[in-house]
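Asker: Sharing a structure, written as structure tokens. Questions coming.
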Amino acid sequence: MAPSTLSAALLIARKDLAIEFRTRTAFFSAAVFALLGIVIFFFAWDPTAVSSIDLAPGVLWGIFTFSGLLGLQRSFGLEQADRAIDALLGAPISRESIYLGKAIANLVFVAAVQIIAIPAVQLFYGVPLLEHAAVIALIALMSAIGLVAVGTLFSAMAVNTKLAEMLLPVLSLPFFVPIVIPAAQATARLLAGRPASESVGWLKLLLAFDIVFVVACMLAFPYTIEE
Amino acid sequence: MSSPSAPASAESAIPAQRSGMDWLFAFAVIAIAIALTRVIYYTPFEAVQGPAQKIFYLHLPAALCAFMAFGVVALAGIGYLWLGDLRLDRAAESSAEVGVVFTTVVLVTGPIWARPVWGTWWTWDARLTLTLFLWFIYVGYIVLRGAIEDRALRARYSAVLGILGSLLIPFIHLSVYLFRTLHPRPIVIKPSAPSLPPEMLTTLIISFAAFVLFYLALVRQRYRLAAERDLLELEEGR
């Protein structure tokens, strides 16, 4: 019996996460990369000229996209070995469930990196992120959904090209602009002690991005599969 | 890929209209020359900005043509995914490349004008930022096309990116627009879209028409190149 789209997607996500959990190579490299990025940015700036509260949101969300790319790159790269993708495509499941499963696994991956990166920014930059944990978590979740929606699709495309991993950032980064700007702006407002209502406009923009690109990428995904 | 010593069979299969004059292109070049002559000699100087303002007659038509070009990319992409006709993919490919050229014209003429009028080469104005990202998206589109050997796969991936790119444009516009308005900029004098005097408007319309003609001529040329390349690949693949 063919499983439903969602249960098949969860199976695929579980498979990817099991591989990641057993090897942990990608997660560690993405987490260390995020920490390194946060630390290096600290030294690229004059603390007497710019206060850390102005810098931290940009660093947090800039690093978020770069470390996210590391996870996305291996999402479909994983299936290239022994043409494992052919087995996935041959399974009696819809194309959408493959996309959804990959996206869920990537979402967990990106969220896990953020759980390390956000406290690290708080620690190194001395900004009160965790005091606004609920709103920050909401921004992180919404940003991650948009990033993963677009990134999963482009990851599937990039592995079939001559440039492979090199193409992913070139294709994805313009799409991350409407994620980074609202996320950084909303975070900056929170850190400046403004009421959360001031960030509602930015959050709406993120939500609209998520809805449009989750739907569009899911519809586009079947076309990116090499038969 | 194509090489100087391509097989003779491919040469003979190339459409005959390739040789001879490209009349559309010739008309477009003449139209641009007429438009430029009018811009330079027969259009009055703007009172405040002086001669610098005349770049506007190149800048705005180029920007409108670029938007049109990317619109064609998205529509041709939707059409390709629906019908699977490679002609639509060639149209998208041609339009994207010409669109990038026009966007480059916009990005070059903008700062040349901005330097004397705004006093700075670059500012993170909403429209400038949007144009820059448009350029990035469609340069990425060209890079993607170059990275795929398989013809059908190249067409499908390009269509997907062309469609998603057009969906992205409103989001980038909205986010950079909100970014700019929430952050007051340093005082930069920006003319608030004045209603043009009739001579200037006529010049603008002539220039726009010339640019549209030029766009069509370039896309047609580029389309023929794409068609010939496809033919060559087909011949070599046999």
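Asker: Run B:Gly110 past the list (1) surrounded by 21 or more Cβ atoms within 10 Å (Cβ to Cβ); (2) without any contact (Cβ under 8 Å) to a residue 24 or more places away in the chain; (3) not polar (S, T, N, Q) and report the number of the one that doesn't hold.
Answerer: (2)
Asker: Working only within region A:192-203, note down all residues that are at pLDDT below 90 and surrounded by fewer than 20 Cβ atoms within 10 Å (Cβ to Cβ).
Answerer: Answer for region A:192-203, where residues must be at pLDDT below 90 and surrounded by fewer than 20 Cβ atoms within 10 Å (Cβ to Cβ): A:Ala192, A:Gly193, A:Arg194, A:Pro195, A:Ala196, A:Ser197, A:Glu198, A:Val200, A:Gly201.
Asker: While we're on this one: Scan B:Arg115, B:Arg154 and give me the residue that is open to solvent by less than 50 Å² (accessible area, probe 1.4 Å) and among the basic types (Lys, Arg). Give the derivation first.
Answerer: Values: B:Arg115 fails: open to solvent by less than 50 Å² (accessible area, probe 1.4 Å).
That would be B:Arg154, the only listed residue that is open to solvent by less than 50 Å² (accessible area, probe 1.4 Å) and among the basic types (Lys, Arg).
Asker: With at the interface with chain B (Cβ under 8 Å from one of its Cβ atoms), within 12 Å of the chain's Cα centre (by Cα) and closer than 23 Å to B:Leu132 by Cβ as the only criterion, which of A:Val170, A:Val180, A:Val150 stands out?
Answerer: Numbers: A:Val170 fails: within 12 Å of the chain's Cα centre (by Cα); A:Val180 fails: at the interface with chain B (Cβ under 8 Å from one of its Cβ atoms).
The match here is A:Val150.
Asker: Turning to a different aspect of this structure: Taking region A:36-74 as the region of interest, how many residues are closer than 30 Å to A:Ala105 by Cα and either open to solvent by 50 Å² or more (accessible area, probe 1.4 Å) or not aromatic (Phe, Trp, Tyr) (or both)?
Answerer: Step one: list which residues in region A:36-74 are closer than 30 Å to A:Ala105 by Cα, which gives A:36-41, A:56-74.
Narrowing further to those that are either open to solvent by 50 Å² or more (accessible area, probe 1.4 Å) or not aromatic (Phe, Trp, Tyr) (or both): A:36-41, A:56-60, A:62-63, A:65-74.
Total meeting the criteria: 23.
Asker: Right, another one. Could you tell me whether region A:11-19 includes any residue that is touching a Pro at 6+ places or on another chain (Cβ under 9 Å) and under 30 Å from A:Ile93 (Cβ atoms)?
Answerer: Initial filter on region A:11-19 (touching a Pro at 6+ places or on another chain (Cβ under 9 Å)): A:11.
Then keep just the ones that are under 30 Å from A:Ile93 (Cβ atoms); that gives A:11.
Yes: region A:11-19 contains one or more residues that are touching a Pro at 6+ places or on another chain (Cβ under 9 Å) and under 30 Å from A:Ile93 (Cβ atoms).
Asker: List every residue pair whose Cβ atoms lie under 9 Å apart, where the two residues are 6 or more positions apart in sequence or sit on different chains, the first residue falls within region B:131-146 and is more than 8 Å from chain A (Cβ to nearest Cβ) and more than 15 Å from B:Val160 (Cβ to Cβ), and the second residue, located anywhere, is aromatic (Phe, Trp, Tyr) and open to solvent by less than 40 Å² (accessible area, probe 1.4 Å).
Answerer: Listed pairs, sorted by first residue: B:Leu134/B:Phe70.
Asker: Of all residues in region A:132-177, which are touching a Pro at 6+ places or on another chain (Cβ under 9 Å) and farther than 14 Å from A:Asn106 by Cβ?
Answerer: Residues satisfying the conditions are A:Ile139, A:Met142.
Asker: Quick one: how many residues across region A:209-227 are facing chain B (nearest Cβ under 9 Å), modelled with pLDDT of 90 or more and open to solvent by 40 Å² or more (accessible area, probe 1.4 Å)?
Answerer: Summing the residues that are facing chain B (nearest Cβ under 9 Å), modelled with pLDDT of 90 or more and open to solvent by 40 Å² or more (accessible area, probe 1.4 Å) in region A:209-227 gives 2.
Asker: Related question: Pull up region A:196-208, narrow it to residues that are touching a residue at least 60 places away in the same chain (Cβ under 8 Å) and out of contact with any Ser or Thr (no Cβ under 7 Å at 6 or more places or on another chain), then point me to the one that is farthest from the other protein chains (Cβ to nearest Cβ). It would help to see each step written out before you state the result.
Answerer: Looking only at region A:196-208, we keep the residues that are touching a residue at least 60 places away in the same chain (Cβ under 8 Å), and these are A:196, A:199, A:203, A:206-207.
This time we only want the ones that are out of contact with any Ser or Thr (no Cβ under 7 Å at 6 or more places or on another chain), so: A:196, A:199, A:203, A:207.
On the way: A:Ala196: 16, A:Ser199: 11, A:Leu203: 12, A:Leu207: 12 Å.
Only one residue tops the list, namely A:Ala196.
Asker: Scanning for something more than 23 Å from B:Ala155 (Cβ to Cβ), out of contact with any Lys or Arg (no Cβ under 9 Å at 6 or more places or on another chain) and of a type outside the set (A, V, I, L, M, F, W, C), does region A:154-162 turn up at least one residue? It would help to see each step written out before you state the result.
Answerer: We begin by selecting, within region A:154-162, every residue more than 23 Å from B:Ala155 (Cβ to Cβ); these are none.
Within region A:154-162, none of the residues are more than 23 Å from B:Ala155 (Cβ to Cβ), out of contact with any Lys or Arg (no Cβ under 9 Å at 6 or more places or on another chain) and of a type outside the set (A, V, I, L, M, F, W, C).
Okay, residues lined up against (1) under 30 Å from A:Trp45 (Cα atoms); (2) touching a residue at least 40 places away in the same chain (Cβ under 8 Å); (3) assigned to a helix (DSSP H, G or I):
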{"site": "A:Asp86", "(1), (2), (3)": "no, no, yes"}
{"site": "A:Ser97", "(1), (2), (3)": "no, yes, yes"}
{"site": "A:Gly101", "(1), (2), (3)": "no, yes, yes"}
{"site": "A:Ile104", "(1), (2), (3)": "no, yes, yes"}
{"site": "A:Val110", "(1), (2), (3)": "yes, yes, yes"}
{"site": "A:Val121", "(1), (2), (3)": "yes, yes, yes"}
{"site": "A:His132", "(1), (2), (3)": "yes, yes, yes"}
{"site": "A:Leu138", "(1), (2), (3)": "yes, yes, yes"}
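Asker: Has region B:98-112 got at least one residue that is at pLDDT below 95 and at the interface with chain A (Cβ under 10 Å from one of its Cβ atoms)?
Answerer: The answer is no; no qualifying residue exists.
Asker: Taking region A:153-163, which residues are within 12 Å of chain B (Cβ to nearest Cβ) and either part of a helix (DSSP H, G or I) or out of contact with any Leu (no Cβ under 7 Å at 6 or more places or on another chain) (or both)? Can you show your working first?
Answerer: The first filter runs over region A:153-163 and keeps only residues within 12 Å of chain B (Cβ to nearest Cβ), leaving A:153-154, A:156-163.
A:Leu153, A:Phe154, A:Ala156, A:Met157, A:Ala158, A:Val159, A:Lys162, A:Leu163 - these are the residues of region A:153-163 that are within 12 Å of chain B (Cβ to nearest Cβ) and either part of a helix (DSSP H, G or I) or out of contact with any Leu (no Cβ under 7 Å at 6 or more places or on another chain) (or both).
Asker: Next question. Give region B:175-200 a look and list any residue that's open to solvent by 80 Å² or more (accessible area, probe 1.4 Å) and at pLDDT 75 or above, or say none.
Answerer: The initial filter retains those residues of region B:175-200 that are open to solvent by 80 Å² or more (accessible area, probe 1.4 Å), namely B:177, B:182-184, B:186-187, B:189-190, B:192-195, B:198-199.
Correct list: B:Tyr177, B:Pro198, B:Glu199.
Asker: Please determine, by comparing only the residues of region A:51-84 that are without any contact (Cβ under 8 Å) to a residue 12 or more places away in the chain and part of a helix (DSSP H, G or I), which one is farthest from A:Ile181 (Cα to Cα).
Answerer: Initial filter on region A:51-84 (without any contact (Cβ under 8 Å) to a residue 12 or more places away in the chain): A:51, A:81-84.
Keeping just the survivors that are part of a helix (DSSP H, G or I) gives A:81-84.
Values: A:Ala81: 36, A:Asp82: 40, A:Arg83: 38, A:Ala84: 37 Å.
Checked region A:51-84; the qualifying residue farthest from A:Ile181 (Cα to Cα) is A:Asp82.
Asker: Further question on the same structure: Would you confirm whether or not region B:105-125 contains a residue that is assigned to a loop (DSSP other than H, G, I, E, B), more than 23 Å from the chain's Cα centre (by Cα) and over 20 Å from B:Ser207 (Cβ atoms)? Show your work before the answer.
Answerer: Of the residues in region B:105-125, the ones assigned to a loop (DSSP other than H, G, I, E, B) are B:119-125.
From the residues that got through so far, the ones that are more than 23 Å from the chain's Cα centre (by Cα) too are B:119-120.
Of the ones still in play, those that are also over 20 Å from B:Ser207 (Cβ atoms) are B:119-120.
Yes - at least one qualifying residue is present in region B:105-125.
Asker: Can A:Gly193 be described as within 11 Å of chain B (Cβ to nearest Cβ), free of Cβ contacts under 8 Å to residues at least 60 places away in the same chain and within 23 Å of A:Pro128 (Cα to Cα)?
Answerer: Numbers: within 11 Å of chain B (Cβ to nearest Cβ): no; free of Cβ contacts under 8 Å to residues at least 60 places away in the same chain: yes; within 23 Å of A:Pro128 (Cα to Cα): yes.
It is false that A:Gly193 is within 11 Å of chain B (Cβ to nearest Cβ), free of Cβ contacts under 8 Å to residues at least 60 places away in the same chain and within 23 Å of A:Pro128 (Cα to Cα).
The values are calculated or read from the model by the stated rules, or taken from the named source; none is laboratory data. These figures come from a predicted structure and were not determined experimentally. Glycine also receives a Cβ, built like all others from the backbone with ideal geometry; neighbour counts cover every protein chain displayed. To get the accessible areas, we keep the full protein, side chains included, count just its heavy atoms, and leave off ligands, DNA and RNA. Shrake-Rupley method; radii C 1.70, N 1.55, O 1.52, S 1.80 Å.
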